[in-house]
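Notes for the one structure printed next.
The values are calculated or read from the model by the stated rules, or taken from the named source; none is laboratory data. Since the model is a prediction, treat every value here as computed from it, not as a measurement. All Cβ positions, glycine included, derive from the backbone under ideal geometry; neighbour counts span all protein chains shown. All accessible areas refer to the heavy atoms of the entire protein, side chains included, with ligands and DNA or RNA removed. Shrake-Rupley method; radii C 1.70, N 1.55, O 1.52, S 1.80 Å.
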Amino acid sequence: MIRSFIEISPESHFPIQNLPYGVFRPKSGGEGRVGVAIGEYVLDLSVVDEAGLFVDTSVGGKRLFHQSSLNAFMALGKEAWGEVRSQVQRLLRADEPTLRDHTVLRNTALLRQSDVQMLLPAQIGDYTDFYASKEHATNVGIMFRGKENALMPNWLHLPVGYHGRASSVVLSGTDVRRPKGQMKSPDAAAPHFGACRQLDFELEMGWFIGPGNHREEAIAVENAEDQIFGLVLVNDWSARDIQSWEYQPLGPFLAKNFATSISPWVVPLEALEPFRVACPNQEPEPLPYLRAQGKSSFDIRLEVHLQGAGMAEPQRIATSNFQHLYWSMAQQIAHHTVAGCNLRPGDLLASGTISGPEKESRGCLLELAWRGTEPIELGNGEKRVWLEDGDQLTLTGWCQGDGYRIGFGEVTGHVLPAFE
Ligand code: MN
């Protein structure tokens, strides 16, 4: 196992095997630039480039990392990503003196994460949210339509999705204000306007698109993974009462577009390779354009933690896994583009709520508290059916290796009361 000259604990999310990309600004001042997380540090790639250390790569000297977004780097594609990753990994190795023994350079290039402010990793042109967990779709279907009609007739044949809102994708740590909107309870004669009462989270993962495709040139399922720059955690905040009134026939709108939170570190697909697993068996067999060979999912443990305003510490309320997803990322990309839609560098695609077969693996409060009928108990005697003002909701996730973790850090957010 390769090691870094930087001390890293086995529980750290950011060992030398991970090397996720992010955009940051030193708290002491300066412009946004691209960095890589290593242990409790950030390696400033603009400094690495400035020092001429990206030798023999196609990116060296191009000031790709002196930018406050990863879009230009994402656009270059898999080969360039691989070059940068192997150079960064080499520079951080325990047996590589370039940074290790050069005090001035090391101190300029490596900043403590506590001394930087993270920014959104990309300029997100478009955001699409799928609905790729069979357990989630089934549970929601049972609640809203009954057991007989739980899955819609299309669900097993295509990855259902909708176009989300990119402008309100926010970085982890951003407060989320309870939205206001129009709602109508089933027994009410008319709708009313007010603060949402059924605020929920959704445990999801998202992936950033690399080079993308031209319009009318679909991305084939067997090439779709080449388009995945890396993955983040996603909390797709949802106002269930607004949603249930507005969603027919065109799908969610204001119930979802007030905020979507993402984690700051983008974990490269390459870092996840050792954790590749098969998707669940797909029966009936999908149409040819969605048929893929080999393992196309990943074993990523996911957790949800909730801390109410009156709680001394957060409590874990759900544990799931990325590999529960029925449709793979590659299938979702292939489907997204098959009718001619173009994806662009920095586009964000998300999985939809990742629920598993167990009760504790349900990825949102709608399912965990079964539409308000089964309150979840918190350690201090409090209960929850929906999120309350002052709640802090945190998603985290990692792949467990032998003595190391490929982690995603976390995505967190506080719920603020609605505006008066
Ligand atoms: Mn969602």
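Just a few scattered comments:
- Each residue in the stretch 84-107 was checked for being in contact (Cβ under 8 Å) with a residue 12 or more places away in the chain and open to solvent by 70 Å² or more (accessible area, probe 1.4 Å), and 2 of them qualify.
- Filter result for the condition that a residue is in contact with a Gly (Cβ under 9 Å, 6 or more places away or on another chain) and assigned to a loop (DSSP other than H, G, I, E, B), over GLY397, GLY310, GLY340, GLY372: GLY310
- Count of the stretch 343-367 residues, restricted to those that are in a helix (DSSP H, G or I) and either within 16 Å of the ligand (Cβ to nearest atom) or modelled with pLDDT under 95 (or both), is 3.
- Strands (runs of 3 or more DSSP E) within the stretch 109-204 that include 1 or more residues away from the ligand (no atom under 15 Å from the Cβ): 110-112, 116-119, 169-171, 180-183, 192-195
- Flag if THR373 is away from the ligand (no atom under 16 Å from the Cβ) and either surrounded by fewer than 17 Cβ atoms within 10 Å (Cβ to Cβ) or over 21 Å from the mean Cα position of the chain (by Cα) (or both): yes
- Qualifying residue in the stretch 64-83 (condition: among the charged types (D, E, K, R), in contact with a Lys or Arg (Cβ under 8 Å, 6 or more places away or on another chain) and surrounded by 17 or more Cβ atoms within 10 Å (Cβ to Cβ)): no
- Near pairs, Cβ below 9 angstrom, 6+ apart or cross-chain, from the stretch 315-343 (closer than 18 Å to LEU287 by Cα and of a type in the set (Ser, Thr, Tyr)) to any residue that is open to solvent by 40 Å² or more (accessible area, probe 1.4 Å) and assigned to a helix (DSSP H, G or I): TYR326/LYS134; TYR326/GLU135; SER328/GLU225
- Contact map, the stretch 282-295: first residue touching a residue at least 24 places away in the same chain (Cβ under 8 Å), second residue open to solvent by less than 80 Å² (accessible area, probe 1.4 Å) and in a loop (DSSP other than H, G, I, E, B), Cβ cut-off under 6 Å, separation 6 or more or different chains; pairs are TYR289/VAL338.
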